[in-house]
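Read-outs: derived from the displayed coordinates by stated rules, not from any lab. Note that the structure is predicted; figures quoted are calculated from it, not measured. Cβ atoms come from the backbone with ideal geometry, glycine included; neighbour counts cover every protein chain shown.
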Amino acid sequence: MKTFFLKFSSFAIVFLLLITAISTPSCKKDKTCHGKVTVVDTAGIPVAIATVLLAAPSVNGQVTYTGTTDGSGVVSFEVKLPAIFDVKATQVAKYPGMTGVGVIRLDEPGKSAEVTVTLKY
């Protein structure tokens, strides 16, 4: 009877540890880098409907992401491959010939980074 109780107790403990390990959400790390680009004009006013391009060199060529700013001049990116991206923003309808450039570091999975880009001639 003693050995049955010891075996059953051991099995129950191992089973509970396994269930705990499987159900613990802290093991699921965010592997995505989160970036936010704000586009403004030379007066510091947010620029809506600006096209923002992120570009970084890669062993397989160039990695690019494209987005469009909302009414507050902001566009967000979720990047699966960490890198340091060159940022280029344009808004040809209201600001023809103007371009904004910058750099954003999206090289730490689970982290966020922000950059503000100013459109200039």
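Quick note on segment 33-118: its Rg to Rh ratio, both from C-alpha atoms and Rh being the Kirkwood radius, is 0.98.
If contacts are Cα pairs under 8 angstrom and at least 6 residues apart, what is the relative contact order of segment 33-118 in percent? Walk me through the numbers on the way to the answer.
Details: 211 pairs, mean separation 32.7, N = 86.
After rounding, I find 38 percent.
Summing Lys and Arg as +1 and Asp and Glu as -1 over all other residues whose Cβ lies under 9 Å from the Cβ of Ala83 gives a net charge of 0.
Karplus-based coupling profile of segment 49-65, in residue order and whole Hz: 6, 8, 8, 10, 10, 9, 9, 9, x, 9, 5, 9, x, 9, 9, 10, 9, with θ = phi - 60° in 6.51 cos²θ - 1.76 cosθ + 1.60 and x standing for Gly or Pro. A crude spin-label estimate for the pair Lys36 and Lys94, with each label 7 Å from Cα along the Cβ direction, gives 2.0 nm. Here each label is just a point 7 Å from Cα along the line to Cβ, and for Thr66 and Val103 those points are 2.5 nm apart.
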